[in-house]
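To keep things clear, I will list the structure first and then write my remarks on it.
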Amino acid sequence: MNDTPLGGIRIEGLRKVYGHGDTAVEALRHVNMQVAPGEVVGLVGPSGSGKSTLLKCLGAIIEPTSGRMTLGNEVIYDNGWKVKDLRALRRDRIGFVFQAPYLIPFLDVTDNVALLPMLAGLSNANARKRALELLTALDVQHRASAETSQLSGGEQQRVSIARALANKPPVILADEPTAPLDSERALGVMRILNQMARRAHTAIIVVTHDEKIIPTFKRIYHIRDGQTVEEAGEGLALDDHGNDTPS
Ligand SMILES: Nc1ncnc2c1ncn2[C@@H]1O[C@H](COP(=O)(O)OP(=O)(O)OP(=O)(O)O)[C@@H](O)[C@H]1O
Ligand SMILES: [Mg+2]
């Protein structure tokens, strides 16, 4: 079998059963998925089909029941965790974007983004410098010293994306990141995720029900009955740097 390229994700035969005995729920039956560095894939499926479960397994938030998951060249799960420090894995190698931004209200915008790099050992000054660079890339630098509650929904979501990118993780997992946004902002977020994927060679999985953004994916995994089926999509017209290409 081929190596997963650096930073890529491979999931093979993943199974997750919640609970035991009569009340057991088989949320994932046999999931296969592969995402290359620089790629943004969609994950869609009806409510209760196992999308969040899959992201939580991949993000080492819950433990799968069986199967195999690889990040880059490292097998992280093979019928049991193969990584000793799951906290470090979550902190340094996986960025999460949720439907709600979950910003910390008593920190300003910059510190919300700088917190994770600080926890990973970067000096306060360097962490804030990196935070400001990301806020600039996401076009919210003008709100850098604001309180998070003063930001619009779209601005808050961009800050939460900056936070997910702060430790330069090879993987970003986004669960319904555009749900609270209007069409224009939702497409803006997808454009940013695509740009970040290309520029930082990040592998990104986006769970979504959002019809507005489905055409932005080149590849979509449909999840049904605990299994995934792959489909090609339109994709955004971007060059290698993630800039818009004239159509
Ligand atoms: N902690 C849990 N304990 C038991 N069952 C669970 C748990 N979490 C999820 N489930 C069940 O696993 C199945 C998949 O749930 P999951 O949250 O992954 O679905 P989803 O595709 O994210 O749905 P939605 O679109 O509504 O967010 C559902 O049947 C759900 O009830
Ligand atoms: Mg869900």
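The values are calculated or read from the model by the stated rules, or taken from the named source; none is laboratory data. Remember, predicted model here, so these are calculated numbers, not experimental data. When we count neighbours, we look across all protein chains shown, and the Cβ atoms used for this are built from the backbone with ideal geometry, even at glycine. Protein only, heavy atoms only, side chains kept; ligands, DNA and RNA dropped before computing areas. Shrake-Rupley method; radii C 1.70, N 1.55, O 1.52, S 1.80 Å.
Structure notes:
- Highest to lowest packing among 215-222, 173-180, scored as the average C-beta count within 10 Å: 173-180, 215-222
- Distance between modelled label sites at Ser123 and Ser149, nm, 7 Å Cα→Cβ extension: 3.4
- Largest-first ordering by accessible area, 1.4 Å probe, given options Asp22, Asp111: Asp22, Asp111
- Inter-site label distance for Tyr102 and His142 at 7 Å from Cα along Cβ, in nm: 3.0
- Distance violations [Cα-Cα > 20 Å] among Lys56/Lys212; Lys84/Lys129; Lys16/Lys51; Lys56/Lys84; Lys16/Lys56: Lys56/Lys212; Lys84/Lys129
- Per residue, the chain exposes 48 Å² of accessible surface when a 1.4 Å probe is rolled over the protein heavy atoms with every protein chain present.
- Residue ranking by accessible heavy-atom surface, 1.4 Å probe, largest first, among Tyr18, Tyr77, Tyr102 comes out as Tyr102, Tyr18, Tyr77.
- Solvent-accessible area, 1.4 Å probe, carbon plus sulfur percent, for the chain: 50
- Sequence-separation-based contact order of segment 9-239, relative, with Cα cut under 8 Å and 6+ spacing, percent: 28
- Adding -39500 (n - 2.57) for every DSSP H run of four residues or longer, then dividing by how many residues the chain holds, sets the calculated 222 nm ellipticity at -9000 deg cm²/dmol.
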